[in-house]
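The values are calculated or read from the model by the stated rules, or taken from the named source; none is laboratory data. In this text, all values refer to a predicted model and were calculated from it rather than measured experimentally. Every residue, glycine among them, receives a Cβ derived from its backbone with ideal geometry; neighbour counts consider all protein chains shown.
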Amino acid sequence: MLIALTGVPGTGKSTVAKFIRKKGYKVIALNRVIVRRKLVKGFDKKRKSWVVDSKKVENHLRKLRNKYENKILILDSHISHLLNVDFAIVLRCSPEELEKRLKAKRWTKRKIRENVEAEMIDLIAIEAEERLGRKRVVEIDTTGKPPEKIAEEIEKIVQKWKGVQK
């Protein structure tokens, strides 16, 4: 089973992913894999970000599915919901909290505004629902919640979904 752990940058995906790993799940830091394996088309200098080659990423995921055939794989990335996954968990956060988190990461004003606006218009959740259908998308609000609790929520969701798939 391939699960997207997604959401606007700053909603807590990577932090929560650390706790999910401790529970024994195979978590793939997809953004790191994309850069390390050069699964990109190039670099956007204006936005200061890599342009992902989705065909290369899908090919890599096919190999991972085969390698971990009977395991649950969780893809930690703000783009993972756009891939061929079984379902998506979208982490959400209040725009005010998100802005604070991104400022703490020392992001530029432009990138902060871009991501806060994306959260305000439900961009990731809408994209996930358009791609996967409403029944295959779960949203979790991370505002003010410790990552350990969010990881517990995710584990319950995964176990429930696993039971549905049998």
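Summary of computed values
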read-out	value
Among (1) of a type outside the set (D, E, K, R); (2) outside any loop (DSSP other than H, G, I, E, B); (3) touching a helix residue (DSSP H, G or I) at 6+ places or on another chain (Cβ under 9 Å) - the single one His78 does not satisfy	(2)
The range 78-115 - residue that is among the acidic types (Asp, Glu) and farther than 26 Å from Val33 by Cβ and, of those, farthest from the chain's Cα centre (by Cα)	Glu96
One residue from Glu153, Glu139, Glu129 being farther than 24 Å from Leu61 by Cβ and modelled with pLDDT of 95 or more	Glu153
Residue match in the range 106-114 (condition: over 17 Å from Lys13 (Cα atoms), at pLDDT below 95, outside any helix (DSSP H, G or I) and touching a strand residue (DSSP E or B) at 6+ places or on another chain (Cβ under 7 Å))	no
Those residues of the range 21-50 which are assigned to a strand (DSSP E or B), under 22 Å from Ala88 (Cα atoms) and among the β-branched types (Val, Ile, Thr), in sequence order	Val27, Ile28
So Ala88, is it out of contact with any Pro (no Cβ under 9 Å at 6 or more places or on another chain), on the phi < 0 side of the Ramachandran plot and crowded, with 20+ Cβ neighbours inside 10 Å	yes
Exclusive hit being within 16 Å of the chain's Cα centre (by Cα), in a helix (DSSP H, G or I) and farther than 19 Å from Thr15 by Cα, set Ala151, Ala118	Ala118
In the range 153-166, the residues that are in contact with a helix residue (DSSP H, G or I) (Cβ under 8 Å, 6 or more places away or on another chain) and surrounded by fewer than 18 Cβ atoms within 10 Å (Cβ to Cβ)	Glu155
Qualifying positions in the range 41-59 - within 17 Å of Leu75 (Cα to Cα) and out of contact with any Leu (no Cβ under 8 Å at 6 or more places or on another chain)	Lys55, Asn59
Residues within the range 123-166 that are closer than 15 Å to His81 by Cα, of a type in the set (Asp, Glu) and touching a residue at least 12 places away in the same chain (Cβ under 8 Å), tallied	2
Candidates Leu132, Leu75, Leu98 - the one that is closer than 22 Å to Lys23 by Cβ and crowded, with 18+ Cβ neighbours inside 10 Å	Leu75
